[in-house]
Structure formats: structure tokens, C-alpha cells
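Written below as C-alpha cells is the structure these notes are about.
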Amino acid sequence: MLKIEKLSVTYPDKTKAVNQFTLDIQNGETVGLIGANGAGKTSLLLALVGILPAEGTIVADGILLEKKTIDIIRGRIGLVFQNPDDQLFMPSIYEDIAFGLYSEKINEDKINEDKIRERVENVLKQLGISYLRDRSPLKLSCGEKRMAAIATVLVMAPSIMLFDEPTAFLDPKARRKLINFLKTLNQAKLIASHDLFFVKEVCERVVLIRNGTVTAIGKTEEIINNKELMEEFS
């Protein structure tokens, strides 16, 4: 479960990117985050994993985000960036997916290579991308990169997943594959997206924000089909 209460993000130039944002996401629930460019969607996601400093309260699985718990929170909340290239930087997809596991184990006396290999192979199979195992990220399509980027997060076994514009750069076939996969995920999910057809298909609820402030929260169909509310989106 993710609980966000009165969260605000202010940039050094005094711009308030997120303003008193409050939202609860239950275990297994998928919530869409919609709003125009500059509404504060990405700033919110970055704040939820402690990348951007924020005021307010963030609680993941009962753990309060603070300086001493930030590593624990990042184990509970996984963020998939809009651009997959931000998460794929190793020579092969296997190494990209394993990177987080090695980083997590770096202070242990002995790294269990078999355990890491098993987890990487399992997530490759889960995403249907085992054939990408030894491929370079530089040689992948946008759809393949997207699934590989998700794998780098999913292998860490987070209970909550954040997605920033996950359908960006995808052709219709890759988009459909992503939709079908997201429907199988048991994690709680917060998905920022401009793709309203995608949001309608995968999200039970949506949050509409404008200038970092919540304008409406409700069932997906009710919000997206409300013409007056959706003027805030354009």
C-alpha cells in the first residue's frame, strides 16, 4: 500500500511542481495519473522515491520515507522512467537486469551468483524477453527497450511500481504487449500517462492534476468521460 499525504515539491526557482498532493493506493490497485505537460506528474513520481526533495508524508507498506529509510523505500517502490535509455546502460540486457541485485548485495560477504541468475532468468521469462538476454540495449527496438527497462525494476521485487509515460515511443504492437503485461502484474501501480485510451484500459481509478494540484479523483470512465473536467487536460 502507498499512502501520500499533503506532498509538495518546490524547485529552487520557487516553482511549486506538486502542491499538497494526497492519495492512497491499495495493494494490487492500478491508478492513472493524468494532466497536461508541466502538470507535475514526473515531479511527483521522482519525489515518491526520494530523488526530488519534498514536504509531506510518503508511506510505503507502512514505512515512512525519510533519510534513514530511503534505501528501504526504494526497495519497496520501483520507478520505470519515461526513457528506457535512462535505465539501460550495461553491455547486455542480462547485466542491466542483474545490476540492481549486485548493488543490493554489494556489502555482503559472498554474493550468491546462482540466486541472482535465477531471479534474472525468471523475470526475463515473465516478460517474454528471454531472447534479449545477451543482446545489447543499443540494438533493441523501443518496445524491447521498454520491456527490458521494466525488467530492471521488476527483478527487485517491489510491492509498488511507478510508470512515467510507459507507452511513449511504442508502436501499436508493442503498446498492446505492454497493456497485456501490466494487467498481469499484482503490484500496486501508479501510471503517469497522456495516453487516455491506455489509461482507460489498465487503470481502475485516475487522478487528474493541474499545476501540481489534484483537480479530480475517481473511477477512470467517470473522470475521462467528463468533458468539463477533461478541459483541464488540454
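The values are calculated or read from the model by the stated rules, or taken from the named source; none is laboratory data. Note that this is a predicted model, so its numbers are computed, not measured. In this analysis, Cβ positions are derived from the backbone assuming ideal geometry, glycine residues included, and neighbour counts consider all displayed protein chains. Surface accessibility is based on the protein's heavy atoms, side chains included, excluding ligands, DNA and RNA. Shrake-Rupley method; radii C 1.70, N 1.55, O 1.52, S 1.80 Å.
When the helix-only estimate is applied to the chain (DSSP H runs of n ≥ 4, each -39,500 (n - 2.57), divided by the residue count), what is the mean residue ellipticity at 222 nm, nearest 500 deg cm²/dmol? Could the numbers behind the result be given before it?
Numbers: 9 runs with 83 residues, N = 234.
Result for the chain, helices only: -10000 deg cm²/dmol.
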* To do: Determine how large the accessible area of Arg74 is when every protein chain is in place; take a 1.4 Å probe and give Å² rounded to the nearest 10.
  => 110 Å²
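When ligands, DNA and RNA are left out and all protein chains stay put, how many square angstrom of accessible area per residue does the chain have with a 1.4 Å probe?
Values: 11850 Å² over 234 residues.
Using a 1.4 Å probe on heavy atoms only, each residue of the chain averages 51 Å².
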* Could you work out how far the C-alpha centroid of segment 45-102 sits from that of segment 137-170, in angstrom? => 13 Å
* Using a 1.4 angstrom probe with every protein chain in place, what is the largest-first accessible-area order of Asp85, Asp13, Asp164, Asp24? -> Asp13, Asp85, Asp24, Asp164
* Asked: According to a simple spin-label model (label point 7 Å from Cα along Cα-to-Cβ), what is the distance in nm between Lys200 and Asp171?
  -> 2.5 nm
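Let me check against my output: what whole-number percent is the relative contact order of segment 78-188, with C-alpha pairs under 8 Å and at least 6 apart? Before the final figure, lay out the partial values.
Values: 124 pairs, mean separation 46.5, N = 111.
Over segment 78-188, the number comes to 42 percent.
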* Most fluctuating residue given options Leu140, Leu65, Leu45, as computed from a GNM of the chain linking Cα atoms under 10 Å -> Leu140
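Need one number: % antiparallel among DSSP beta bridges in segment 119-234, to the nearest 5.
Values: 6 of 11 bridges.
Percentage antiparallel, nearest 5: 55.
Taking the square root of 5 times each eigenvalue of the Cα gyration tensor, what semi-axes in Å does the equivalent ellipsoid of the chain have, largest first? Don't jump to the answer; show the numbers that get you there.
Details: eigenvalues 175, 95, 46 Å².
With the √(5λ) rule applied to the chain, the semi-axes are 30, 22, 15 Å.
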* Provide the solvent-accessible area of Lys3, counting protein heavy atoms only and rolling a 1.4 Å probe, rounded to the nearest 10 Å². => 80 Å²
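Taking all protein chains in place and a 1.4 Å probe, what share, in percent, of the accessible surface of the chain do carbon and sulfur account for?
Values: 5970 of 11850 Å².
Roughly 50 percent, rounded to a whole number.
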* Exposure of Lys115 as accessible area (Å², to 10), given a probe of 1.4 Å and all protein chains -> 110 Å²
* To do: Sequence neighbours fewer than 8 away in the same chain don't count; with that in mind, list the aspartates and glutamates whose C-alpha is under 18 Å from Lys219.
  => Asp24, Glu29, Asp195, Glu201, Glu204, Glu228, Glu231, Glu232
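For segment 104-174, which GluC sites (Glu not before Pro) are both in a DSSP coil and crowded by at most 12 other Cβ atoms within 10 Å? Working shown, then result.
Values: sites: Glu104, Glu108, Glu113, Glu118, Glu121, Glu144; in loops: Glu108.
Within segment 104-174, the qualifying GluC sites (Glu not before Pro) (loop, at most 12 other Cβ atoms within 10 Å) are Glu108.
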* To do: Using a 1.4 angstrom probe on the protein heavy atoms only, line up Met230, Met156 by accessible area, largest first.
  => Met156, Met230
* **Potential lengthening between Lys14 and Glu121 on full extension [0.36 nm per residue; Cα-Cα distance subtracted]** => 33.9 nm
* Given the options Arg119, Arg135, Arg210, state which has the largest fluctuation in a GNM of the chain using a 10 Å cut-off (strictly under) for Cα springs. => Arg135
* Keeping every protein chain in place, order Glu5, Glu228 by accessible area at 1.4 Å, biggest value first, i.e. largest first. => Glu228, Glu5
